[in-house]
Each structure stands twice: as C-alpha cells, then as structure tokens.
Amino acid sequence: MQQDLKVQKQGKKGAALMRYSDEVIEEVRARNDVVDVIGGYIHLQKKGSNYFGLCPFHNEKSPSFSVSPQKQMYYCFGCGKGGNVITFVMDYENESFQEAVASLAERAGIELPQEEESEESRRQADYRSILFAIQKEAARYFYHQLMSENGKRGYLYLRGRGLSDETIKNFGLGYANQYPDDLYRFLRQKGFSDAQLKDSGLVKIDERGCYYKFWNRVMFPIMDINNKVIGFGGRVLGDGIPKYLNSPETEIFSKSKNLYNLNLAKKGNTRELILVEGYMDAITIYQAGFTNVVASLGTAFNENHARVLKSYADSAILLFDSDEAGVKAVLRAIPVLKNAGLKVKVLQVTDAKDPDEYIKKFGSSAFGELLKTSKSHILFEAEQIQKKYDLN
C-alpha cells in the first residue's frame, strides 16, 4: 500500500493547482477505509472496537496510536496527532491536501478532474458558495421564526409530536410563516440578488411578484454530508396540499443523491443504517437514541443513494410503513441496495402505523427490541409471494 501511494505521486505535478468540490473530497474519503490505508504503513492490532499501533509521527515503545473504523478517524494519545485518512497521507507522505486527495482517489479508482481550475470552474464554485450561503441564512431565519411569537403554532406542533427543545435545536427545525414575501425581503436585505434567490429554489419570481415557496409550514433543513444546508422540507400546518413539500432541484440540491440525516448518522459507532421514509420518523428514532437512521427525500431509493450508503454502512434495515405502498417501496429498494453490496434486512412495525407512532406508544426500549426482529430480505420477499397463493 505504501509503495502504491508513492508510485501514484508520479505525474501529479500541478495537483496543488486543482480545487476539488466538497462532494468529490467526501467521496474520496469515504471510499478509502482509514484502517486499510493506515494498515499499509504501520502494523495495527485490533483491541476492542479500535485498532492500535506504534505512532508513525513520534518515537514510542508502547502503542498509543488508535484508529477507529466506526468514526474513520485516528488519534495518538502520545503526541496528539489525529485526523482522517486524507490528513494521515498528508502528514506521512509530506503531501499537500490536493496531492493526498489525488493519491487516495487513484487508490479507490475515482477519476478526478484532470485540468487545472479554469475561470469558469472558479466562477461556478463561487456561485455555489452563494447558494449555500442563502440556504444557511434561510435556515437561521426559519429557526428564529419558530422561536418567536409568530412561530408559536409551529413550535406547539413539534412539541405535540414529542420533540424536545434539544432535538428541535439539533436538527435546526423552523417555521415558515403565512406572509408570502417576508423571506424574500429578509434575504434581499442580506445582499442577495433576485437571480440568486430564484436559483436557490426558495423564492419564486414571476409577473405576480416575489414570494417564497414555503409558507405556513414546519421546516426541516436538509444537510449534505458536510453539514451544509442544501434545501428544505416543509410540513404544512392544517389541511393544505401537498402535506410535505421539498425544495426543487438546484445547483446544490438533488433528491436522488442525498439522504436526510446522513450527516449525523455517519458519526455513529455502527456500520448498519436504518432507512425510513419520512423526516419525523428519522427524527423520532434519532431522539430515542438510535442515531444511525436516514430518510429518503420524497423519492425512491436509487443507485446513487445506495452508493452513498455503502460508503458508511455494510448493512441496511428497511423500515417503511406497513401499508401496501410501504411494502412496494421496500420491494423496489431491496435489489437496489443489494446490487450496491449492502446486506439488506426488513422490519415492519406492528400495532402502529409507523415508527414515530410506535415509539410514542411503546417507548425506546420496545423499539430497540423490535429492531432485533429484523428479518432477511429473502424471508420478507418470500412472505409477500406467499400471500398471493393458497398454500393449503
């Protein structure tokens, strides 16, 4: 491994001139297991859930260098050095950040941009930064509204759904009030142009005027793997249609490439993820102590989702509603996840319509026991086929 990375240095002159996107960097990091990479440099021995070895950054006789496969991080208790797989290669090989990314990308078979950053690519990156800034300001605005008198209706709704103040804050939940143009005016005061606001997906601008897409809704910020707000989901208060509304596709937001709460779920001490259908299911399960949960964004699980999940998990538990639509969604998701190399299990709640209701009725401990009853996808598929026939 060490020799491989050194060979990869050849032909990388100019790598320091490249600027890779956050998405590319995250893919490189996720597809290079920190234990495998560091294990190519130093001898590691497993002790408990972590691996230990002699620190390569200072002289020592007793192993104090720890590598965590769950957190994908390393730390030396002797000298204090720590970081992820990219920082390790930078320090060990004395490479720049861009060179280390290039080495690890080649190791994982990831094709990086080969041309030096052009004026156009810099312009696009700068514009994406503006769109990220708009989403961040909007998230702050929605949270402020929720905590104000104007957002009392939204706050009471969330509390009524069993969410604590700590959970509301941790997920950055907010409220879009009933005025159609106040978010637009707020963002204009922050210095954003009409064109930028329109491209953000938050604001509509037409012959009728300027108004924002979400109103009278509880807001769920959607974050990418790097904890940047990229869009929103909104749950209407009352009987409005649609019940849930997501941000449209934008330069920084794609429903088919992102999963709700993956930014938090990836930090857990397990390589198994629970896949649910909705925001509230994910938040309630997370609040109950099961932090390895993600949700789809109003679209079916696809190859992109599965590829991202495989970077952080070896197995997935499909936990959808038990109605006909939920069963069909599970049957569609199984082959997609299997083809990505994930072990797939299925769990159906009983005596409740969804995981959110189940936890409220029976508590966290009961839900933990329920998780243990997850069955192989093969058994689940067999049961669905069995229902079509009279086995007598």
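The values are calculated or read from the model by the stated rules, or taken from the named source; none is laboratory data. None of these values were measured; they are calculated from a predicted model. In this analysis, Cβ positions are derived from the backbone assuming ideal geometry, glycine residues included, and neighbour counts consider all displayed protein chains. What goes into the accessible areas is simple: the full protein's heavy atoms, side chains included, and nothing from ligands, DNA or RNA. Shrake-Rupley method; radii C 1.70, N 1.55, O 1.52, S 1.80 Å.
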> Of the numbered conditions (1) in a strand (DSSP E or B); (2) out of contact with any strand residue (DSSP E or B) (no Cβ under 7 Å at 6 or more places or on another chain); (3) modelled with pLDDT of 85 or more, Thr284 satisfies every one except a single condition; which is it?
Replying inline: (1)
> Any residue at all in the range 102-109 that is among the polar types (S, T, N, Q), over 30 Å from Thr270 (Cα atoms) and not in a loop (DSSP other than H, G, I, E, B)?
Replying inline: no
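The rows are residues; the columns are (1) modelled with pLDDT under 95; (2) closer than 26 Å to Gln72 by Cα; (3) aliphatic (A, V, I, L, M); (4) touching a Phe, Trp or Tyr at 6+ places or on another chain (Cβ under 9 Å).
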{"site": "Phe290", "(1), (2), (3), (4)": "no, yes, no, yes"}
{"site": "Glu303", "(1), (2), (3), (4)": "yes, yes, no, no"}
{"site": "Arg307", "(1), (2), (3), (4)": "yes, yes, no, no"}
{"site": "Ser311", "(1), (2), (3), (4)": "yes, yes, no, no"}
{"site": "Ser322", "(1), (2), (3), (4)": "yes, no, no, no"}
{"site": "Leu342", "(1), (2), (3), (4)": "yes, yes, yes, no"}
{"site": "Val346", "(1), (2), (3), (4)": "no, no, yes, yes"}
{"site": "Leu391", "(1), (2), (3), (4)": "yes, no, yes, no"}
> Got a sec? Which of Lys353, Lys267 is closer than 23 Å to Ile222 by Cα and among the basic types (Lys, Arg)?
Replying inline: Lys267
>> Could you go through the range 173-180 and let me know if any residue there is open to solvent by 70 Å² or more (accessible area, probe 1.4 Å), under 21 Å from Tyr260 (Cβ atoms) and at pLDDT 95 or above.
In response: no
> In the list Asn246, Asn269, Asn292, Asn258, which residue meets the criterion of being surrounded by fewer than 18 Cβ atoms within 10 Å (Cβ to Cβ) and not hydroxyl-bearing (Ser, Thr, Tyr)?
Replying inline: Asn269
> Out of all the residues in the range 145-154, is one or more surrounded by 15 or more Cβ atoms within 10 Å (Cβ to Cβ), at pLDDT 90 or above and assigned to a loop (DSSP other than H, G, I, E, B)?
Replying inline: yes
>> I'd like to know if the range 124-137 contains one or more residues that are closer than 30 Å to Gly238 by Cα, touching a residue at least 60 places away in the same chain (Cβ under 8 Å), touching a helix residue (DSSP H, G or I) at 6+ places or on another chain (Cβ under 8 Å) and outside any strand (DSSP E or B).
In response: yes
>> Can you list residue pairs whose Cβ atoms sit under 6 Å apart, with the first residue in the range 333-344 being on the phi < 0 side of the Ramachandran plot and the second being of a type in the set (Phe, Trp, Tyr) and open to solvent by 10 Å² or more (accessible area, probe 1.4 Å)? Count only pairs 6 or more apart in sequence or on different chains.
In response: Ala333/Phe301; Val336/Phe301
